[in-house]
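Engineer: Quick one: structure below, then a few questions.
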Amino acid sequence: MPALVHSPAHRHMHPNPPRRSVFFKHRDNRLFPAWSYACGLALTQVVPSTLEALLFCIPVYFMVNFERTAGHFFTFLLVAWSCSNCLAGLFRLIAFSTPSLLVGNPVTGLVILILVITNGFSIVYPDIPKYIVWIYHINPLAWTVRAVSINELMSPQWQFPGPPAGGGMTQGEFALSVFGMSTNTIFIWMSVVFSWVFLLIFTILGALALTITDPPKPRPTIAAEEGKEEVKRSVFSTVGRMASMTSRAVSALSSRHSNASGNLETLTSIELQALPAKHVIIPFTPITLVCRGIEYYVPDPAKGKGSGRGIVKGTGDAELDGKLQLLHDISLVAEPGRLMALMGGSGAGKTTLMDVICGRKTVGVIRGDILVNGHPKDQATWSRVVGYVEQTDIHSAPVTVRESLLFSARLRLEESVSYDQVKSIVEETLLMVELDRIAGRVVGGDGSGISIEQRKRLSIA
């Protein structure tokens with residue numbers, strides 16, 4: 001029975017409004033007060049909650065075979081709808097009061113647990129521990145469960161003699177007495193009034209929370225003094241590596257003069273000696289990417305009603321005529337071991353070109369050749385060997401930087417790679433992208449956790 005009234009409010013459990021950061025910016029610039037935002041959000045949620053109540057209550061009511069009279073059905077619908085709005089106000093209050101998702105999610109889960117165990121159904125009212133029984137009297141679910149129970153069990157279909165131990169009570173009255181509930185129908189209307197009064201209280205408290213709370217402030221990932229020491233260590237480490245490389249280069253040159261035939265073997269041995277003891281090499285095939293005459297056409301968004309700029313006309317190609325051309329005869333070569341920068345102004349087509357090369361475009365016509373090591377690109381194989389980092393970083397907030405890389409590495413590497421090798425690869429990658437000193441920090445989000453720049457480096461890793 002708690003699910004009957006709890007499910008319509010499920011959509012409101014998200015503990016952080018999606019535009020909360022925008023609200024704080026508007027509030028700090030005195031564009032509008034906090035109460036207008038809280039009241040406006042409460043009013044705009046009435047229509048969605050009404051649709052939810054209808055979509056949920058109508059099938060459930062008849063599936064459970066409740067009393068099939070108009071009065072009982074609309075009473076059930078009114079109680080469930082009122083409870084849905086009340087719970088929505090409660091979860092909005094949690095959203096307004098908590099600084100981030102990392103705090104809001106556990107708080108929401110704890111509140112749901114308390115509401116469920118003190119609603120008089122999971123644990124009947126006489127058996128609720130004395131130290132939390134007071135929650136029962138202010139629990140919106142408890143009032144709703146009691147109202148729904150009275151509405152159904154006092155209906156005509158339950159008005160037949162109960163068991164002998166009932167002392168002359170009907171079956172419905174006896175069932176209510178087992179759960180410690182009254183048989184007075186006044187509690188149905190008290191439940192509706194309770195839900196709307198508490199919605200008003202939650203809205204007022206939410207407006208107060210929005211007035212006094214502030215968004216989480218960015219904080220440095222390392223302390224200032226620790227950062228200075230880290231810079232010193234980095235400088236000395238770089239100087240040391242350069243000195244070591246210089247000495248090895250001199251040694252290699254001297255070996256080349258003394259043994260011209262073995263210079264390749266000498267250099268190879270020097271490189272192997274330079275590798276860390278736990279260095280793990282994953283075999284891979286270097287890839288040379290060649291693109292020739294790449295052109296990309298999409299359907300005309302204006303459907304012929306625009307200025308016509310960029311629209312292909314008169315080519316005699318039915319597949320291209322009438323389409324908008326976004327890429328014009330682009331050729332490039334990307335060699336292994338070299339970093340290539342694709343630069344251009346806003347709207348120049350940089351992301352479009354990357355999407356076409358990576359095979360992420362599913363609409364439109366692509367013309368030209370994309371060769372991988374001299375062979376035409378096979379999308380199924382290409383998708384497994386190419387990495388694509390989007391502009392928006394997508395990470396799991398509660399995990400650490402090291403856990404994110406471990407999860408990604410375990411999915412990407414073959415099963416033949418042992419777990420110890422995976423950990424070694426992850427540690428090397430952390431050093432490579434300079435995230436090793438914050439490897440144990442939670443990724444976070446919504447202003448907490450690692451910085452935007454570090455999150456981007458994590459995406460690249």
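Engineer: When you go through ILE311, ILE330 one by one, which is the residue that is farther than 26 Å from ALA380 by Cβ and surrounded by 15 or more Cβ atoms within 10 Å (Cβ to Cβ)? Step through it out loud before you land on a result.
Structural biologist: Numbers: ILE330 fails: farther than 26 Å from ALA380 by Cβ.
On inspection, the qualifying residue turns out to be ILE311.
Engineer: In contact with a Gly (Cβ under 9 Å, 6 or more places away or on another chain) and either not β-branched (Val, Ile, Thr) or not assigned by the TED database to the domain that holds VAL443 (or both): which single residue out of LYS423, LYS361, LYS350 fits that description?
Structural biologist: On the way: LYS423 fails: in contact with a Gly (Cβ under 9 Å, 6 or more places away or on another chain); LYS361 fails: in contact with a Gly (Cβ under 9 Å, 6 or more places away or on another chain).
Matching residue, one of LYS423, LYS361, LYS350: LYS350.
Engineer: Please verify whether the stretch 73-81 includes one or more residues that are at pLDDT 85 or above and out of contact with any helix residue (DSSP H, G or I) (no Cβ under 7 Å at 6 or more places or on another chain).
Structural biologist: Restricting attention to the stretch 73-81, the residues satisfying the condition of being at pLDDT 85 or above are 73-81.
Now drop any that are not out of contact with any helix residue (DSSP H, G or I) (no Cβ under 7 Å at 6 or more places or on another chain), which leaves 74.
Yes, the stretch 73-81 contains at least one residue that is at pLDDT 85 or above and out of contact with any helix residue (DSSP H, G or I) (no Cβ under 7 Å at 6 or more places or on another chain).
Engineer: Looking at the stretch 40-47, can you tell me whether even one residue there is buried (at least 19 other Cβ atoms within 10 Å of the Cβ) and either closer than 30 Å to VAL399 by Cα or in contact with a His (Cβ under 6 Å, 6 or more places away or on another chain) (or both)?
Structural biologist: Within the stretch 40-47, not a single residue is buried (at least 19 other Cβ atoms within 10 Å of the Cβ) and either closer than 30 Å to VAL399 by Cα or in contact with a His (Cβ under 6 Å, 6 or more places away or on another chain) (or both).
Engineer: Also, quick follow-up: Mind telling me which of the residues PRO301, PRO398 ends up being assigned to a loop (DSSP other than H, G, I, E, B), of a type outside the set (A, V, I, L, M, F, W, C) and assigned by the TED database to the domain that holds SER451? Don't jump to the end; show me each part of the working.
Structural biologist: On the way: PRO301 fails: assigned by the TED database to the domain that holds SER451.
One residue alone meets the criteria, PRO398.
Engineer: Quick one: which residue in ILE132, ILE94 is modelled with pLDDT of 85 or more and surrounded by 17 or more Cβ atoms within 10 Å (Cβ to Cβ)? Give the derivation first.
Structural biologist: Numbers: ILE132 fails: surrounded by 17 or more Cβ atoms within 10 Å (Cβ to Cβ).
Result: ILE94 is the single residue among ILE132, ILE94 that is modelled with pLDDT of 85 or more and surrounded by 17 or more Cβ atoms within 10 Å (Cβ to Cβ).
Engineer: Sort out which residues of the stretch 191-218 are among the aliphatic types (A, V, I, L, M) and open to solvent by 80 Å² or more (accessible area, probe 1.4 Å), and write them in order of number. Quick ask: steps written out before the conclusion?
Structural biologist: Initial filter on the stretch 191-218 (among the aliphatic types (A, V, I, L, M)): 192-193, 197, 199-201, 204-205, 207-210, 212.
Selection gives VAL193, LEU200, ILE204, LEU208, ILE212.
Engineer: Let me ask something additional. Which one is farthest from ILE94 (Cα to Cα), of the residues in the stretch 117-132 that are free of Cβ contacts under 8 Å to residues at least 12 places away in the same chain and not hydrophobic (A, V, I, L, M, F, W, C)?
Structural biologist: In this case the residue turns out to be ASP127.
Engineer: Those residues that are touching a residue at least 60 places away in the same chain (Cβ under 8 Å) and either loosely packed, with under 13 Cβ neighbours inside 10 Å or touching a Ser or Thr at 6+ places or on another chain (Cβ under 7 Å) (or both), I need them from the stretch 395-414; list them, please. Let's see the steps before the verdict.
Structural biologist: First pass over the stretch 395-414, keeping only residues touching a residue at least 60 places away in the same chain (Cβ under 8 Å): 395, 397-398, 413.
Within the stretch 395-414, HIS395 is the sole residue that qualifies.
Engineer: Taking the stretch 135-172 only, how many residues are closer than 15 Å to HIS72 by Cβ, open to solvent by less than 10 Å² (accessible area, probe 1.4 Å) and not hydroxyl-bearing (Ser, Thr, Tyr)?
Structural biologist: 4
Engineer: Test ASP369 against the stated conditions and say whether it is open to solvent by 30 Å² or more (accessible area, probe 1.4 Å), in contact with a Lys or Arg (Cβ under 6 Å, 6 or more places away or on another chain) and either assigned to a helix (DSSP H, G or I) or closer than 30 Å to LEU326 by Cα (or both). Even if it seems obvious, please write down each step before you answer.
Structural biologist: On the way: open to solvent by 30 Å² or more (accessible area, probe 1.4 Å): yes; in contact with a Lys or Arg (Cβ under 6 Å, 6 or more places away or on another chain): yes; either assigned to a helix (DSSP H, G or I) or closer than 30 Å to LEU326 by Cα (or both): yes.
For ASP369, the condition - open to solvent by 30 Å² or more (accessible area, probe 1.4 Å), in contact with a Lys or Arg (Cβ under 6 Å, 6 or more places away or on another chain) and either assigned to a helix (DSSP H, G or I) or closer than 30 Å to LEU326 by Cα (or both) - is met.
Quick grid of which residues meet (1) touching a residue at least 60 places away in the same chain (Cβ under 8 Å); (2) of a type outside the set (D, E, K, R); (3) outside any loop (DSSP other than H, G, I, E, B):
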| position | (1), (2), (3) |
| --- | --- |
| TRP134 | no, yes, yes |
| ILE150 | no, yes, yes |
| GLY168 | no, yes, no |
| GLY172 | no, yes, yes |
| ALA175 | no, yes, yes |
| ILE188 | yes, yes, yes |
| TRP196 | yes, yes, yes |
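Engineer: What number of residues in the stretch 104-116 are without any contact (Cβ under 8 Å) to a residue 12 or more places away in the chain and either of a type in the set (Ser, Thr, Tyr) or open to solvent by 60 Å² or more (accessible area, probe 1.4 Å) (or both)? Step through it out loud before you land on a result.
Structural biologist: So the first thing to find is which residues in the stretch 104-116 are without any contact (Cβ under 8 Å) to a residue 12 or more places away in the chain, and the list is 106, 109-110, 113.
Keeping just the survivors that are either of a type in the set (Ser, Thr, Tyr) or open to solvent by 60 Å² or more (accessible area, probe 1.4 Å) (or both) gives 106, 110, 113.
Of the residues in the stretch 104-116, 3 are without any contact (Cβ under 8 Å) to a residue 12 or more places away in the chain and either of a type in the set (Ser, Thr, Tyr) or open to solvent by 60 Å² or more (accessible area, probe 1.4 Å) (or both).
Engineer: Can you tell me which residue among ASP436, ASP420 is under 19 Å from SER396 (Cα atoms), of a type in the set (Asp, Glu) and either open to solvent by 70 Å² or more (accessible area, probe 1.4 Å) or free of Cβ contacts under 8 Å to residues at least 12 places away in the same chain (or both)?
Structural biologist: Details: ASP420 fails: under 19 Å from SER396 (Cα atoms).
After applying the criteria, what remains is ASP436.
Engineer: So is ASP321 exposed (fewer than 15 other Cβ atoms within 10 Å of the Cβ), free of Cβ contacts under 8 Å to residues at least 24 places away in the same chain and of a type in the set (Asp, Glu) or not? It would help to see each step written out before you state the result.
Structural biologist: Working: exposed (fewer than 15 other Cβ atoms within 10 Å of the Cβ): yes; free of Cβ contacts under 8 Å to residues at least 24 places away in the same chain: yes; of a type in the set (Asp, Glu): yes.
Here the answer is yes, as ASP321 does meet what is asked.
Engineer: Sticking with this structure for a sec: Which members of the stretch 396-452 meet the condition of being in contact with a His (Cβ under 7 Å, 6 or more places away or on another chain) and of a type in the set (A, V, I, L, M)?
Structural biologist: VAL443, the sole residue that qualifies.
The values are calculated or read from the model by the stated rules, or taken from the named source; none is laboratory data. The model shown is predicted, which means the values in this text are computed figures rather than measured ones. Here Cβ is always computed from backbone atoms with ideal geometry, including for glycine, and neighbour counts include all displayed protein chains. The accessibility values were calculated without ligands, DNA or RNA, using every heavy atom of the protein model including side chains. Shrake-Rupley method; radii C 1.70, N 1.55, O 1.52, S 1.80 Å.
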